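Here is the structure we will look at.
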């Protein structure tokens with residue numbers, strides 16, 4: 001799973017561990033009597049990924065390692081020193097997995113501990129056993145798995161109307177009359193979490209609205225996904241050009257947008273990301 005900044009959870013900031021966090025991370029694990037397989041700096045350079053939980057004072061309160069194995073997310077080395085930090089880290093791993101299309105997350109906990117019932121309360125079910133060596137002794141571990149809801153960007157449905165009203169403040173009656181052309185929702189399973197739409201301004205130009213998302217889903221790359229879904233609609237419905245206002249959030253994805261053929265331009269004094277699906281001049285010459 002690529003490094004992505006996770007959203008704050010229950011008072012903790014969950015973020016990827018990088019080279020600047022090495023000393024603090026090693027000291028944190030050492031204080032918890034957890035032995036790493038090597039220096040944290042080396043682990044980070046060899047494909048290991050960690051998340052860290054920081055409280056409101058900036059103090060490190062938890063860490064976890066995570067990876068993707070054949071399409072399943074795994075986590076281990078979960079250590080927390082504050083109530084709620086461990087759960088926040090697990091949620092951070094779940095968000096990263098979900099953002100990258102991973103449907104299952106697994107972890108193993110000692111079977112003879114208080115953790116199995118806790119994991120089941122958090123939506124994890126036991127799926128198997130394994131033996132782990134701990135200080136020369138074999139420890140029976142219970143493997144737990146959680147199926148994650150699928151994140152999608154899809155066409156708006158009539159049943160989405162109440163959620164859209166709460167999300168945007170718009171009159172839900174409008175959306176309750178049926179699917180509106182060019183209106184798409186971002187959904188976490190069955191829950192609507194965002195809205196974007198394509199508006200016709202005439203002469204083949206489509207305007208994509210600024211994506212609206214619930215706070216906990218912002219800055220996770222969903223804005224980019226929503227814009228791409230809108231662009232696909234615009235291109236397949238005969239528009240020659242689409243544009244969207246260049247907000248600070250979208251500027252954070254500028255490189256990704258440019259890779260997808262969006263270009264930042266000034267239009268009538270307003271910064272805009274513009275994408276041309278076909279060259280009008282070239283089309284005229286061909287005709």
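One residue stands out in region 244-287 among those that are closer than 16 Å to residue 203 by Cβ and in a helix (DSSP H, G or I): the one that is modelled with the lowest pLDDT, namely 284. Counting only residues that are surrounded by 14 or more Cβ atoms within 10 Å (Cβ to Cβ) and outside any strand (DSSP E or B), region 98-117 holds 8 of them.
When the criteria are applied in full, residue 127 meets the requirement of being in contact with a strand residue (DSSP E or B) (Cβ under 7 Å, 6 or more places away or on another chain), assigned by TED's automatic domain parsing to the domain that holds residue 89 and either surrounded by fewer than 16 Cβ atoms within 10 Å (Cβ to Cβ) or outside any strand (DSSP E or B) (or both).
Reported count of residues in region 224-243, each being surrounded by 22 or more Cβ atoms within 10 Å (Cβ to Cβ) and in contact with a helix residue (DSSP H, G or I) (Cβ under 6 Å, 6 or more places away or on another chain), is 1.
Which of the following residues is farther than 15 Å from residue 272 by Cα and outside the structural domain of residue 122 (by TED's automatic domain parsing): 170, 210?
On the way: 210 fails: farther than 15 Å from residue 272 by Cα.
The unique qualifying residue is 170.
Test residue 261 against the criterion of being on the phi > 0 side of the Ramachandran plot, touching a strand residue (DSSP E or B) at 6+ places or on another chain (Cβ under 7 Å) and outside the structural domain of residue 94 (by TED's automatic domain parsing), and give yes or no. In short, yes.
The values are calculated or read from the model by the stated rules, or taken from the named source; none is laboratory data. The structure displayed is predicted, hence computed values, not measured ones. Cβ sites come from the backbone with ideal geometry, for glycine too, and all protein chains shown count toward neighbours.
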